[in-house]
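No lab work stands behind these numbers, since they all come straight from the coordinates. Everything quoted here is computed from the prediction, not taken from an experiment. Ideal geometry is used to build each Cβ from the backbone, glycine not excepted, and the neighbour counts take in all protein chains shown.
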Amino acid sequence: MVDPLMAHLLGDLIERLKRQLHLTSIVVTHDMRFAKKLADRLLFLHEGTARFFGTLAELEKIDDPILRDFMALDELVLPQ
């Protein structure tokens, strides 16, 4: 858990290392925006079980209710 500014800086660093040095990294996060920025492949774990492994495009097409609910959390707009 890092604040949004640090997450942005870390994401930029990981992305730069990936591009310039052709490195592979494993990033563990619950933040789908961060995952979408960095991931070529995603692995979604739920209660110790891999429920999904694939690309972001594949994830967006899946109709698993647990995955859909999780991804919908990013779309929530809280009243101010």
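Things worth noting here:
- With the alpha-carbon atoms of the chain aligned to their principal axes, the span from lowest to highest coordinate is 37, 35, 23 Å, starting with the largest.
- Acute angle (nearest 10 degrees) that the helix 4-21 long axis makes with the longest principal axis of the chain, alpha-carbon atoms: 60 degrees
- Between LEU56 and ASP40, full extension at 0.36 nm per residue minus the direct alpha carbon distance yields a gain of 5.0 nm.
- Taking a straight line from the alpha carbon of LYS36, these aspartates and glutamates sit under 20 Å away, with near neighbours fewer than eight places off in the same chain left out: ASP3, ASP12, GLU15, GLU58, GLU60, ASP63, ASP64, ASP69, ASP74, GLU75.
- Qualifying GluC sites (Glu not before Pro) in the chain, DSSP loop, other Cβ atoms within 10 Å at most 14: GLU47
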